[in-house]
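Below is one structure, written out as structure tokens, with a few remarks after it.
The values are calculated or read from the model by the stated rules, or taken from the named source; none is laboratory data. What you see is a predicted model; the values in this text were computed from it and never measured. We place every Cβ from the backbone using ideal geometry, glycine too, and count neighbours over all the protein chains shown.
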Amino acid sequence: MENSKTISVENISFSYGSQKILDGFSADFEKGSFTCILGESGSGKSTLLRIINGLLLPQDGSVKIENDLLTPENLIQKRLEMGYVLQGNSLFPHLTVFQNMAYCLKILKKSDVFCKEKIAELLPLVGLKEDLLPKFPDEISGGQKQRVGIIRAIAHDPKIVLMDEPFSALDSETRDKLQLLVKDIHQKLQTTFVMVTHSRPEAEILATHLLEL
């Protein structure tokens, strides 16, 4: 059914100079699914994620978010319907943990009271405590930073959560814990998740759908 698709990528092509990364690629991402994109370095995994988010525009083809064509005109609006968790430490170093978590909420002009209540509601979901909120990113651990990044990505109730190898820079114990955490969050929220990974075992833990490039 057409309306079951949160994301439709249709015949997209993208090159960096003379290097063709994606060539007439198409895929659908079902509403509420957790799709892991698998592939070797250079296969176009992260490029595809950036195209879905509108950070890159395809040189051919199109992207639809819930049947709406992604265009330069609606790019900002559509981006605000997505959350994005990046590899490594992607937090704003000059903002506190709370300010990082509430970043998208403030862009959407939510009140301070709303932001505080929403973040307080989400903290237990990722296993963080309120005493972390006034700290800055360089005062917390790598695992805590990724948990903060996850809250930042889901706090504004996005339709889509994109994750670009979010656990690759972490030690194995922290990575294992965060994989299970993200799986639990997906099951609770039933939001459409799309994650890039080079690890098949990780994909098999998390994914309801696999997409290989």
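Here are some notes:
Matching residues to (1) under 18 Å from the mean Cα position of the chain (by Cα); (2) surrounded by fewer than 16 Cβ atoms within 10 Å (Cβ to Cβ); (3) outside any loop (DSSP other than H, G, I, E, B):
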| position | (1), (2), (3) |
| --- | --- |
| F98 | no, no, yes |
| L122 | yes, no, yes |
| L128 | no, no, no |
| P134 | no, yes, no |
| I150 | yes, no, yes |
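- Filtered residues of the stretch 165-213 (kept if under 16 Å from G127 (Cβ atoms), part of a loop (DSSP other than H, G, I, E, B) and either touching a residue at least 60 places away in the same chain (Cβ under 8 Å) or out of contact with any Ser or Thr (no Cβ under 9 Å at 6 or more places or on another chain) (or both)): P166, L170
- Options S90, S4, S8; residue that is at pLDDT 95 or above and either under 17 Å from the mean Cα position of the chain (by Cα) or of a type outside the set (V, I, T) (or both): S8
- Failed condition for D28, given (1) under 21 Å from the mean Cα position of the chain (by Cα); (2) in contact (Cβ under 8 Å) with a residue 40 or more places away in the chain: (2)
So that you can scan it fast, the table gives a plain yes or no per residue for (1) more than 24 Å from E40 (Cα to Cα); (2) not hydroxyl-bearing (S, T, Y):
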| residue | (1), (2) |
| --- | --- |
| E121 | yes, yes |
| D176 | no, yes |
| L180 | no, yes |
| T192 | no, no |
| A203 | no, yes |
| T208 | no, no |
| L213 | no, yes |
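- Of the residues making up the stretch 70-96, those that are farther than 30 Å from K116 by Cα and either outside any loop (DSSP other than H, G, I, E, B) or of a type in the set (V, I, T) (or both) number 1.
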